[in-house]
Amino acid sequence: GSLQTNLLDSDTDHVKMVKFKSPIVSNTTFDIIKNLSYKGFSNTLIPIHFKAQEGAKGLESALEEICKTAEKAVDEGKNYIILSDRGITEELAPVPSLMAVSAVHHHLINTRKRMQIDIVVESAEPREVMHFALLLGYGASLINPYMAFTVTNQLVKEKKIQMDFDKAEENVIYAINKGLLKVLSKMG
């Protein structure tokens with residue numbers, strides 16, 4: 001996020017950024033991002049859940065609360081927000097990650113605060129290349145598909161994949177990146 005600085009002014013805050021080779025990050029890298037406090041980086045973790053028994057009304061009120069929390073994070077000068085669906089229970093259902101990202105993205109555009117913060121997604125939901133492409137297209141900067149890595153780890157432990165977890169995780173990220181490149185190249 002730009003933290004309300006004028007991009008045309010020469011300032012040391014303009015070079016304060018973290019660069020990633022891929023918009024898809026592993027669980028280990030994501031833990032570092034979640035706890036990053038180096039050189040003033042800060043974030044807000046926003047759970048994307050709603051009370052399942054409340055149905056559509058609960059989903060709508062949860063989206064409103066997520067958007068308000070995201071706007072508050074911008075006002076507090078946070079660099080990025082993390083939308084996370086971890087912690088799902090029988091009572092708490094996940095807000096679809098694409099719906100949460102797009103709601104926050106458009107809410108921040110309408111309040112003229114979108115350029116001041118980045119959106120990071122931690123979700124079990126994305127599993128196909130199109131899911132990742134849509135999340136990125138709707139405003140996410142980074143995505144951690146933690147369930148995909150959990151399944152990969154399980155397959156390695158069961159010896160259904162004949163390689164170590166680090167190499168398997170690297171292959172998952174590589175495959176997603178190749179698919180994203182194909183989708184993006186078709187968009188022009």
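For the reader, a short list of remarks on this structure follows.
- The chain - percent of accessible surface contributed by carbon and sulfur, probe 1.4 Å: 56
- Kirkwood Rh in Å, taken over the chain so that all alpha-carbon pairs contribute: 17.7
- The GluC sites (Glu not before Pro) of the stretch 77-157 that meet both conditions, a loop assignment by DSSP and at most 12 other Cβ atoms within 10 Å of the site Cβ, are Glu90, Glu91, Glu128.
- The distance linking the stretch 132-188 with the stretch 63-100 is 22 Å (Cα centroid to Cα centroid, whole angstrom).
- Taking Arg114, Arg127, Arg86 and ordering them by how much accessible surface each has at a 1.4 Å probe, largest first, produces Arg127, Arg86, Arg114.
- Relative contact order of the stretch 33-160, taken over Cα pairs closer than 8 Å and 6 or more residues apart, is 24 percent.
- Cα gyration tensor shape of the stretch 102-188, rounded if a/c is under 1.5, else prolate or oblate by comparing a/b with b/c: prolate
- For the stretch 65-143: rounded, prolate or oblate by the Cα gyration tensor [a/c cutoff 1.5]: oblate
- Taking a ≥ b ≥ c as the square roots of the eigenvalues of the Cα gyration tensor, the stretch 37-106 is prolate, since a/c reaches 1.5 or more and a/b is larger than b/c.
- Listed pairs Lys19/Lys72; Lys21/Lys167; Lys19/Lys78 exceeding 22 Å between Cα atoms: Lys19/Lys72
- Cα-projected label distance for Val18 with Asp31, points at 7 Å along beta-carbon direction, nm: 1.4
- Entry note, the chain: the mean residue ellipticity at 222 nm calculated from DSSP H runs of n ≥ 4, each adding -39500 (n - 2.57), is -15000 deg cm²/dmol after division by the residues and rounding to the nearest 500.
- Segments 136-143, 19-26 sorted - mean Cβ within 10 Å per residue, highest first: 136-143, 19-26
The values are calculated or read from the model by the stated rules, or taken from the named source; none is laboratory data. Since the model is a prediction, treat every value here as computed from it, not as a measurement. Positions of Cβ are backbone-derived with ideal geometry, glycine not excepted, and every protein chain shown enters the neighbour counts. Note: accessible area is taken over every heavy atom of the protein model, side chains too, but ligands, DNA and RNA are not part of it. Shrake-Rupley method; radii C 1.70, N 1.55, O 1.52, S 1.80 Å.
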